[in-house]
Every structure is written in structure tokens, then in C-alpha cells.
Amino acid sequence: MKSSTCLLTVVSTAALLAGSSAWAQETKVAIGLSGWTGFAPLTLAKEAGLFKKHGLDVSLKKIPQKDRHLAVASGDVQCAATTVETWVAWNAAGVATTQIFQLDKSYGADGMVVKPGIAKISDLKGKTVAASAPGTAPYFTLAWMLKKNGLSVKDVKVVNLEPQAAANAMIAGTDGIDAAMTYEPYLGAVRAKPEAGKIIATTLDYPMIMDTFGCTPKFLAENPAAAKALADAYFDAVAMIKAEPKKSFEIMGADVKQSGEAFEASQKYLRWQDREANLKFFAGEHAAFSQEAAGLLLEAGIIKALPDMTKLADTRFLK
């Protein structure tokens with residue numbers, strides 16, 4: 001009996017050591033993101049244990065887009081999620097970052113809301129628009145939509161409000177704000193109250209919002225296996241959404257204080273991108289869009305010079 005007890009003790013100790021060893025091997029990664037619906041599979045990957053399954057110890061940090069590059073530059077986060085053109089702006093500002101996989105494409109999830117009386121985008125000349133700061137996706141969306149309608153950001157007065165605050169300003173009928181740039185899930189709140197204003201344009205009309213995931217070159221060089229694991233865990237999350245939609249929507253919705261049903265409604269306006277879609281995107285579309293976006297960023301004065309456009313993406317981790 002005593003020898004059996006000793007054997008059990010040895011086996012138990014060995015198991016604990018093995019567990020400790022596995023835990024020690026997990027790579028710590030801090031990711032900067034926001035509550036944007038398109039980033040939700042990253043939350044799912046964490047909460048459903050998919051990052052852990054791939055040997056990662058991930059912390060997700062909610063950081064406004066206008067400040068996310070500062071967190072990257074300081075080392076507070078090693079990786080981040082943001083729009084394709086934002087990586088151009090970050091690198092142009094000296095914050096070296098490399099995209100490694102695509103997260104989503106917006107199909108109506110980003111839009112411009114206007115007050116009654118404004119019939120078309122060109123009517124905004126001389127008006128006041130609420131949008132996030134220069135260098136963010138809502139500001140870029142505003143610049144893009146204005147340019148496609150013969151205007152520029154110089155033709156409007158921009159009041160800097162984050163997407164949720166911008167949507168709330170329209171719902172409240174705030175004086176002095178004629179239009180606002182926002183996205184899901186906050187755009188959904190405006191959809192639910194049409195009396196607050198109308199959604200005059202979305203990314204269905206102007207398909208230009210695409211989100212990607214990237215990290216610092218230093219992190220990628222020192223942790224190539226972890227970079228591959230981040231991509232694999234994301235693709236696992238996308239597969240889980242298809243296989244277990246109800247459970248997935250509840251997990252992702254809880255992160256932004258939505259019910260599973262409400263989150264399901266908001267995600268209908270975007271498409272998460274699986275591995276196959278990623279390979280297609282980075283085969284040509286990514287570079288072409290980055291070039292066009294860079295031109296607009298220069299024109300709007302958001303960047304002063306182009307970064308090295310050949311170093312914006314690394315597709316090694318997609319396969």
C-alpha cells in the first residue's frame with residue numbers, strides 16, 4: 001500500500017511538472033483592439049480557449065483606435081487589430097508594424113448618418129460632421145466618401161467624437177452636429193431609431209473598410225510560431241462561429257454588452273474572412289487598396305510621406 005501511494009505521488013508530481021512546463025511554454029501576447037463587431041472573433045478565441053489551445057496566453061486590451069499605435073510603440077501591446085489604411089498611417093508615423101492576416105470586410109457595418117434635410121453627401125459642404133480623430137477608420141471613411149462626391153475634409157467642419165458618442169449625438173439630436181460617422185454595433189442603434197436621422201451611406205455603397213491583424217516586426221521575428229498560432233486560433237474562431245453560431249454570438253455579444261440575438265443582427269453587416277479568403281485577399285487586393293488609401297492619406301494630410309509599402313504585410317503565417 002505504501003509503495004502504491006509513493007507511486008501515485010510520483011505520478012502526480014510528474015503530471016504537475018508536465019502541466020507547469022506546458023504553462024511555461026505559453027507565449028504571452030497583448031493585443032490592442034476595440035469593441036468593433038469585426039474584431040469579435042478575437043474575443044471568441046480567448047473566451048473559448050482557442051488561443052490557449054494553440055499555446056498562447058493572450059490578453060485583449062480595449063484601446064481607442066486613435067491611441068492604439070501609441071500602445072504598440074510603447075510595447076504595452078505587441079499586436080493589434082485595425083483597418084488596412086491605418087497600418088499605412090502607423091508605419092508612415094514611424095510605428096513599425098506588419099499585417100499577418102485579415103479579420104473582416106465591412107458590408108454596411110460602417111456608415112454616415114445625417115439629420116433630416118440632408119439629401120446627399122455633397123449637401124454636407126459647410127456642415128459639421130462628428131467623426132473620430134485623423135488617422136482613424138471613421139475619419140478615413142469620411143474622407144473617402146467626401147472625395148467620391150467631389151468634396152474633401154476641408155469642405156466640412158469635423159468634431160472629434162468616437163463612434164459610440166457620435167451615434168449617441170445623432171440619436172439625441174445634438175444641436176450643431178449635422179452628420180456623424182459610426183459603425184456597428186452603434187450604427188445599429190441608429191437603425192433602430194430612424195427619427196434620429198437617416199443612414200445616407202454605408203460600406204455597401206463605398207466598399208473600403210477592411211480590418212487586419214498585425215504585430216511589430218520584433219515580435220514576429222522573435223515569435224514566428226506564436227504568429228502562426230494567432231492566425232490559426234483566429235481561423236478556428238471563424239470555424240466555430242459557423243459550427244456553433246448561437247454559443248459564439250452569446251460569447252461575442254457579452255463582450256460589448258449585447259444579447260446573442262442583438263450581436264447576431266449587427267454581424268450581418270460584415271464578413272469575417274477565413275483562411276481561403278485571406279489567401280485571395282493578400283494575393284493582390286491588399287496591395288492595390290493600400291496604394292489607393294495611401295494616396296488619400298497623403299491628400300488629406302494625415303501622412304507626410306509614404307512608408308515602405310513592401311513591408312506592410314507578411315503572409316507566411318496564413319498556410
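The values are calculated or read from the model by the stated rules, or taken from the named source; none is laboratory data. As the structure is a prediction and not an experimental result, all values here were calculated from the model. With ideal geometry, Cβ positions are generated from the backbone for all residues, glycine too; neighbour counts draw on all protein chains shown.
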Problem set entry | Test: Val77 is over 30 Å from Gln25 (Cα atoms), more than 14 Å from the chain's Cα centre (by Cα) and not in a strand (DSSP E or B) | no
Exercise. Could you say which residue among Ser259, Ser248 is among the polar types (S, T, N, Q), modelled with pLDDT of 95 or more and surrounded by 22 or more Cβ atoms within 10 Å (Cβ to Cβ)?
Worked result: Ser248
Exercise. Can you find even one residue in segment 97-104 that is assigned by TED's automatic domain parsing to the domain that holds Ser290, modelled with pLDDT of 95 or more, more than 18 Å from Phe289 (Cα to Cα) and among the hydrophobic types (A, V, I, L, M, F, W, C)?
Worked result: no
Problem set entry | Single unsatisfied condition, Ala180 versus (1) surrounded by 16 or more Cβ atoms within 10 Å (Cβ to Cβ); (2) in a helix (DSSP H, G or I); (3) out of contact with any Pro (no Cβ under 6 Å at 6 or more places or on another chain) | (2)
For this session: Output the residues belonging to segment 293-318 that are more than 20 Å from Lys154 (Cβ to Cβ) and free of Cβ contacts under 8 Å to residues at least 12 places away in the same chain.
Result: Thr310
Problem set entry | All positions within segment 39-62 that are under 20 Å from Ala133 (Cβ atoms) and crowded, with 19+ Cβ neighbours inside 10 Å | Phe39
Exercise. Over 18 Å from the mean Cα position of the chain (by Cα) and either of a type in the set (A, V, I, L, M, F, W, C) or not in a strand (DSSP E or B) (or both) - does that describe any residue in segment 134-142?
Worked result: no
Exercise. Could you say which residue among Thr128, Thr86, Thr82, Thr141 is hydroxyl-bearing (Ser, Thr, Tyr), in contact with a strand residue (DSSP E or B) (Cβ under 8 Å, 6 or more places away or on another chain) and assigned by TED's automatic domain parsing to the domain that holds Gly301?
Worked result: Thr82
Problem set entry | Matching option when the condition is buried (at least 17 other Cβ atoms within 10 Å of the Cβ) and not small (Gly, Ala, Ser), among Gln273, Gln291 | Gln273
Problem set entry | Enumeration of residues in segment 188-235 that are small (Gly, Ala, Ser) and not in a helix (DSSP H, G or I) | Ala192, Gly197, Ala201, Gly214
